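The structure appears below as structure tokens.
The values are calculated or read from the model by the stated rules, or taken from the named source; none is laboratory data. The shown structure was predicted, so the numbers you read here are calculated from the model rather than taken from an experiment. Ideal geometry is used to build each Cβ from the backbone, glycine not excepted, and the neighbour counts take in all protein chains shown. Areas reflect the complete protein model, heavy atoms only, side chains present, ligands, DNA and RNA absent. Shrake-Rupley method; radii C 1.70, N 1.55, O 1.52, S 1.80 Å.
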Amino acid sequence: EVYFLDNYPEDGSAQYVAQAYSNVKVITFGKNLGYYGALSQVIPETRGRYIIILPLDTVVHKDFVSELVRVAEMNPRIAVCMANTVNPDGSDYIVKERVKMPRLMYVPETSIFGNPVINPRPFERQPIRLLLSSGVSFLIRKDFHQTDELFDLFYSHYTTDVDLSLRANVLGYETVFVPTAVVYHIDDNKARLSANLLQRYFIGSRDRLLAFYKSMDTLEYILALPFLLMGIPHKVLVMRSSVPVMLRWALVAMAFFFSPVVFVAALREIPRFYEKRNRVLSARRVGPFWVLKKLLPSHFPAWFRNPGS
């Protein structure tokens with residue numbers, strides 16, 4: 001099934017798709033429900049085992065869908081398959097090769113600060129297990145989220161994928177990166193510095209603190225919190241942008257200054273998460289401190305990586 005969801009029906013795109021593609025189910029909304037708000041309205045109607053989410057500002061490789069499904073079928077415990085997203089700053093972006101595979105894979109690796117950081121590596125076909133996902137498109141196994149809603153609509157657009165992958169992992173499922181499912185992201189506004197971009201980064205930092213809170217035991221979260229707070233300025237440091245080096249470091253300093261404000265903002269929202277967190281923790285299938293251990297690099301001392309021992 002192919003659905004076209006239109007949050008902006010006044011631009012005529014829904015009418016065009018309905019006329020040009022008779023096999024596409026076009027759904028328009030009377031108001032802008034947000035990216036994941038619109039998806040949440042329609043996903044219950046779908047019949048497939050998997051959902052593939054793809055925004056309009058993309059170009060996909062010819063094997064994009066088949067590779068996502070192929071990897072998902074390898075293991076019933078795989079809940080989320082992240083596509084290999086090539087952004088405008090990627091060396092493979094200009095060509096947008098849709099037949100051959102790219103030279104690189106753009107892996108969202110998890111830093112010690114709880115931020116997914118895109119790390120270009122030489123291309124390999126083997127899927128990679130992830131703790132946190134980040135990317136423009138992904139596949140979801142529709143039935144994995146029985147203890148909670150599929151998307152938490154409290155979060156801003158840029159934290160929902162982190163929450164989804166983190167929750168899948170602690171519930172005993174897997175999130176994987178699929179190098180062979182290639183998608184090119186055309187209009188990446190993260191490459192341009194703006195007040196709106198900075199606002200989204202700070203809101204996303206608050207939501208990231210809440211996402212970890214929802215999936216971690218209390219002691220585990222307390223131990224991880226210093227690293228997660230350091231993730232607020234770290235997120236600014238690694239953001240994809242053409243900002244000059246000196247200005248970037250000035251923004252990092254500003255993020256340090258605002259980190260306590262972000263933390264207080266997260267504390268104010270914690271009551272909203274009590275029930276959600278209880279549902280996730282009651283169904284958690286990983287051992288104590290599992291998420292914290294995944295955040296810490298392998299070179300950390302054994303006693304630090306195993307606080308419960």
Out of all the residues in segment 105-127, which are within 21 Å of Thr58 (Cβ to Cβ), open to solvent by 20 Å² or more (accessible area, probe 1.4 Å), hydrophobic (A, V, I, L, M, F, W, C) and assigned to a strand (DSSP E or B)? Ile118
Under the condition of being without any contact (Cβ under 8 Å) to a residue 24 or more places away in the chain and within 24 Å of Tyr155 (Cα to Cα), which residue from segment 10-30 is farthest from the chain's Cα centre (by Cα)? Gly30
Which of the following residues is hydroxyl-bearing (Ser, Thr, Tyr) and in contact with a Gly (Cβ under 8 Å, 6 or more places away or on another chain): Ser133, Ser111, Ser137? Ser111
Please state which one of Leu237, Leu247, Leu225, Leu281 is farther than 12 Å from Arg206 by Cβ, open to solvent by 20 Å² or more (accessible area, probe 1.4 Å), of a type in the set (A, V, I, L, M) and in contact with an Asp or Glu (Cβ under 8 Å, 6 or more places away or on another chain). Leu281
Total residues in segment 133-182, condition under 24 Å from Arg47 (Cα atoms), β-branched (Val, Ile, Thr) and touching a helix residue (DSSP H, G or I) at 6+ places or on another chain (Cβ under 7 Å): 5
Just the residues that are open to solvent by less than 10 Å² (accessible area, probe 1.4 Å) and either of a type in the set (Gly, Ala, Ser) or under 15 Å from the mean Cα position of the chain (by Cα) (or both), please, taken from segment 61-85. Ala72, Ala79, Val80, Cys81, Met82, Ala83, Asn84
Take Asp217 and tell me if it is within 19 Å of Ile53 (Cβ to Cβ) and either modelled with pLDDT under 90 or out of contact with any Lys or Arg (no Cβ under 7 Å at 6 or more places or on another chain) (or both). no
Matching residues in segment 20-58 - criterion: being open to solvent by 60 Å² or more (accessible area, probe 1.4 Å) and in a strand (DSSP E or B): Lys25, Thr28
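Table: residues versus (1) open to solvent by 60 Å² or more (accessible area, probe 1.4 Å); (2) out of contact with any Ser or Thr (no Cβ under 7 Å at 6 or more places or on another chain); (3) within 27 Å of Arg284 (Cα to Cα); (4) modelled with pLDDT under 95.
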site	(1), (2), (3), (4)
Ala195	yes, yes, no, yes
Arg200	no, no, no, yes
Ser205	no, yes, yes, yes
Leu210	no, yes, yes, no
Tyr221	no, yes, yes, no
Val243	no, yes, no, yes
Leu251	no, yes, no, yes
Phe257	yes, yes, no, yes
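Report, by residue number, each residue of segment 88-104 that is of a type in the set (A, V, I, L, M), open to solvent by less than 60 Å² (accessible area, probe 1.4 Å) and part of a loop (DSSP other than H, G, I, E, B). Outline the logic, then answer.
Step one: filter segment 88-104 for residues of a type in the set (A, V, I, L, M), giving 94-95, 99, 101, 104.
Now restrict to residues that are open to solvent by less than 60 Å² (accessible area, probe 1.4 Å): 101, 104.
Matches in segment 88-104: Met101 only.
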Residue, nearest to Ser66 (Cα to Cα), within segment 1-19, restricted to residues that are of a type outside the set (D, E, K, R) and in a loop (DSSP other than H, G, I, E, B): Asn7
Taking segment 228-280, which residues are basic (Lys, Arg) and either under 29 Å from Thr218 (Cβ atoms) or within 19 Å of the chain's Cα centre (by Cα) (or both)? Lys235, Arg240, Arg268, Arg272, Lys276, Arg277, Arg279
Which listed residue is in a helix (DSSP H, G or I) and in contact (Cβ under 8 Å) with a residue 60 or more places away in the chain, from Ala255, Ala224, Ala265, Ala250: Ala224
Within segment 134-159, residues being more than 19 Å from Asn87 (Cα to Cα) and open to solvent by less than 10 Å² (accessible area, probe 1.4 Å) number 4
